[in-house]
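Some notes on the structure that comes next.
What follows draws every value from the coordinates through simple rules; no lab data is involved. Note that the structure is a prediction, hence the values are computed from the model and not measured. Counting neighbours? That spans all protein chains shown, and the Cβs are built from the backbone with ideal geometry, glycine included.
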Amino acid sequence: MCDIGRLQEYQVIGRHLPTEANPTPKLYRMRIFAPNTVVAKSRFWYFLMKLRKVKKANGEIVSLNVIHEKRPLKVKNFGIWIRYDSRSGTHNMYKEYREMSRTDAVEALYQDMAARHRSRFRSIHILKVVEIEKTDLVRRPYIKQLLTKNLKFPLPHRVGKATSKSVFAAKRPSTFA
């Protein structure tokens, strides 16, 4: 996938097709991050085949829902466990992100993994995404530095708007005067 676009979180529930031997097969539920429903279903069958040996031809999707963020305007810390395939092997990893929603954190993860490890969307398996409620549980220093009390950021080169100036001027404006 070249451009994954904006991700959404889907809850996909599926099962093996009912047979005479097993008229009520077990349901399997997964939370999958994908750009659309087609990719979400495809990833569901990919993981179900690996985990439970249920093929798409022998199974059915019972329901597919989009999961929305409960508080999308609150900044939260997320811990994400992943497994990804690199050129040299398969690796497990834990990463932390400070974002507004789970989908934003996962998008940041995909961008980060592409930048640092050249890994593709298809080779990253998200195992678990957890919101870190307590600041004591944050492990990574790049997230801890944002949790200090009275955190301030510099505001360099602030240009004030002069009220007495005219709209048109004969010379180019200079803001460093």
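The listed residues are LYS171, LYS76, LYS149, and the only one of them that is within 20 Å of GLN8 (Cβ to Cβ) and of a type in the set (Lys, Arg) turns out to be LYS76.
Taking the range 112-126 only, how many residues are more than 15 Å from LEU7 (Cβ to Cβ) and aromatic (Phe, Trp, Tyr)? Adding up the residues that qualify gives 0.
Of all residues in the range 81-88, none satisfies being in contact (Cβ under 8 Å) with a residue 60 or more places away in the chain, farther than 22 Å from GLN11 by Cβ and charged (D, E, K, R).
So is SER123 under 14 Å from PHE33 (Cα atoms) and within 11 Å of the chain's Cα centre (by Cα) or not? Show your work before the answer.
Working: under 14 Å from PHE33 (Cα atoms): yes; within 11 Å of the chain's Cα centre (by Cα): no.
For SER123, the condition - under 14 Å from PHE33 (Cα atoms) and within 11 Å of the chain's Cα centre (by Cα) - is not met.
Remark: LYS128 falls outside the filter, which requires a residue to be part of a loop (DSSP other than H, G, I, E, B), in contact (Cβ under 8 Å) with a residue 24 or more places away in the chain, among the charged types (D, E, K, R) and exposed (fewer than 13 other Cβ atoms within 10 Å of the Cβ).
Remark: TYR28 falls outside the filter, which requires a residue to be free of Cβ contacts under 8 Å to residues at least 40 places away in the same chain and under 22 Å from MET113 (Cα atoms).
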